[in-house]
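The values are calculated or read from the model by the stated rules, or taken from the named source; none is laboratory data. Values in this document were obtained by computation on a predicted structure and should not be read as measured data. Every residue, glycine as well, gets a Cβ built from its backbone with ideal geometry; the counts of neighbours run over all protein chains shown. Keep in mind that these areas ignore ligands, DNA and RNA; they rest on the heavy atoms of the full protein, side chains included. Shrake-Rupley method; radii C 1.70, N 1.55, O 1.52, S 1.80 Å.
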Amino acid sequence: MGTKTVDETGVKTDEHRTDEAAEAAEATEAAESIEVTKAPEAPEAAETDTPEDADTATDEDTDGTEGTEAAPTGVGQGAGAVVSAGLGIVSLTGSWVGTVASARESLMGQLQTSSSSDVGTLIEKGYGNAWQATAMWGGIFALVALIVGVVVLARPAFGAPGRPQAPWIKSVAWAGVALGVIGLLLAVLKYTDVLLGLPATG
């Protein structure tokens with residue numbers, strides 16, 4: 001059985017059979033190693049696709065950001081709220097327009113009266129008309145403040161849906177509305193002589 005040659009009949013010895021079995025085993029191991037080497041190629045393909053998906057997502061995020069930046073910022077509403085509050089304050093404290101109108105009415109009253117006029121006429125022409133002019137201009141400023149404040153508060157209902165109004169804009173606009181209502185009420189009471197009316201001359 002330990003013979004290393006082939007007999008004349010061509011029959012192979014046990015040593016040749018062992019060599020063939022070893023070669024077959026080596027070929028099988030080589031094939032398995034090739035399959036193992038090729039297997040990780042699938043994750044590489046997946047990794048190759050990932051950057052493209054990331055680029056696509058980045059482009060979509062960029063488009064979304066651009067769309068957000070293009071949306072209204074509410075600057076106009078904020079400015080309107082500040083204007084409303086400012087006009088409401090002016091209606092209560094007075095303005096140069098009201099001061100000039102009051103002085104003009106007072107001057108006209110002096111021109112229309114004389115030293116022989118009675119006291120009631122002098123008071124009405126010299127002071128009553130001037131105070132009414134001041135009250136009228138205060139009421140005009142209060143009314144404008146009220147209208148602007150209401151428009152600012154109602155603006156989101158006619159603007160972009162789903163875009164809430166900033167809290168500070170609402171607060172300032174409500175302040176303008178409140179000051180406008182108070183100023184308008186005081187102006188009406190003063191103009192009709194219900195509040196701070198002319199003194200009695202009788």
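Taking the criterion of being touching a Gly at 6+ places or on another chain (Cβ under 8 Å) and at pLDDT below 85, would at least one residue in segment 68-83 satisfy it? Yes - at least one qualifying residue is present in segment 68-83.
Could you list, in sequence order, all residues of segment 141-154 that are surrounded by fewer than 18 Cβ atoms within 10 Å (Cβ to Cβ) and of a type outside the set (Gly, Ala, Ser)? LEU143, ILE147, VAL150, VAL151, listed by residue number. Regarding GLY176, is this residue open to solvent by less than 50 Å² (accessible area, probe 1.4 Å) and touching a Leu at 6+ places or on another chain (Cβ under 8 Å)? Considered against the rule, which asks whether it is open to solvent by less than 50 Å² (accessible area, probe 1.4 Å) and touching a Leu at 6+ places or on another chain (Cβ under 8 Å), GLY176 comes out as yes.
Residue-by-condition table, conditions (1) out of contact with any Asp or Glu (no Cβ under 9 Å at 6 or more places or on another chain); (2) part of a helix (DSSP H, G or I); (3) modelled with pLDDT of 85 or more:
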position	(1), (2), (3)
GLY88	yes, yes, yes
VAL100	yes, yes, yes
GLN110	yes, yes, no
SER114	yes, no, no
LEU143	yes, yes, yes
VAL148	yes, yes, yes
TRP168	yes, yes, yes
VAL188	yes, yes, yes
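Among the residues of segment 116-140, count how many are free of Cβ contacts under 8 Å to residues at least 60 places away in the same chain, part of a helix (DSSP H, G or I) and exposed (fewer than 15 other Cβ atoms within 10 Å of the Cβ). Please lay out each step first, then the result.
Taking segment 116-140 and keeping what is free of Cβ contacts under 8 Å to residues at least 60 places away in the same chain, we get 116-117, 121-122, 125-126, 129-130, 132-140.
Adding the requirement that they be part of a helix (DSSP H, G or I) leaves 121-122, 125-126, 129-130, 132-140.
With the extra rule that they be exposed (fewer than 15 other Cβ atoms within 10 Å of the Cβ), the set shrinks to none.
Residues in segment 116-140 being free of Cβ contacts under 8 Å to residues at least 60 places away in the same chain, part of a helix (DSSP H, G or I) and exposed (fewer than 15 other Cβ atoms within 10 Å of the Cβ): 0 in total.
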